[in-house]
Amino acid sequence: QVQLVESGGGVVQAGGSLTLSCAASGSVFRLNDMAWHRQAPGEQRELVAAITRGGTTSYTGSVKGRFAISRDNAKNTVYLQMHSLKPDDTAVYYCALSRQTPDWDYWGQGTQVTVAS
């Protein structure tokens, strides 16, 4: 059974930084693509950043240059470093694991990020 557990959310002032972590278990982590999605109130869930098992990264346009996704296969953990945060970044952030692209098969419980103006 795959489990994903996020941590690191919280309240931050606009312009500040946060780093989210997602610890995975129950899967051969290094073989899976990973991603961070987010969902703001009243909005659809969107893909924010992804990292392939080979380390290739991709980002949605609104976070390019501000967010960085990385992974530590030895720790079965994926990270999302977020800088220059804006109120529009306020959302619940979810970690996801893909067994086979393009599907995201497993999800964490989510962690709230609130950016105060």
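Quick look at the values:
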{"item": "DSSP bridge pairs, the chain: antiparallel proportion in percent, nearest 5", "result": "90"}
{"item": "Fully extended contour minus Cα-Cα distance, from residue 70 to residue 3, at 0.36 nm per residue", "result": "22.3 nm"}
{"item": "FRET efficiency estimate (nearest 0.05) - Cβ-Cβ, residue 88 to residue 31, R0 41 angstrom", "result": "0.75"}
{"item": "More than 23 angstrom apart: percent of Cα pairs within the chain", "result": "22"}
{"item": "Extreme residue, positive dipole direction of region 1-104, given options 52, 17, 2 (C-beta unit charges)", "result": "52"}
{"item": "For the chain, accessible area per residue (1.4 Å probe, heavy atoms of protein chains only), Å²", "result": "52"}
{"item": "Magnitude of the charge dipole, region 56-107, Cβ model with Lys/Arg +1 and Asp/Glu -1, debye to 20", "result": "160"}
{"item": "Region 54-102 and region 9-27: distance between their alpha carbon centers, rounded to Å", "result": "9"}
{"item": "Ranked by how many other beta carbons lie within 10 Å on average, peptides 53-60, 5-12 from highest", "result": "5-12, 53-60"}
{"item": "Share of carbon and sulfur in the accessible heavy-atom surface of region 1-92 [1.4 Å probe, %]", "result": "47"}
{"item": "Estimated inter-spin distance, residue 13 and residue 43, nm [label 7 Å along Cα→Cβ]", "result": "2.3"}
{"item": "Packing rank of 105-117, 89-101, where each peptide gets the mean count of other beta carbons within 10 Å, highest leading", "result": "89-101, 105-117"}
{"item": "Region 6-117, relative contact order [Cα under 8 Å, separation at least 6], %", "result": "36"}
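The values are calculated or read from the model by the stated rules, or taken from the named source; none is laboratory data. In this text, all values refer to a predicted model and were calculated from it rather than measured experimentally. Every residue, glycine among them, receives a Cβ derived from its backbone with ideal geometry; neighbour counts consider all protein chains shown. With ligands, DNA and RNA removed, areas are computed over all heavy atoms of the protein, side chains included. Shrake-Rupley method; radii C 1.70, N 1.55, O 1.52, S 1.80 Å.
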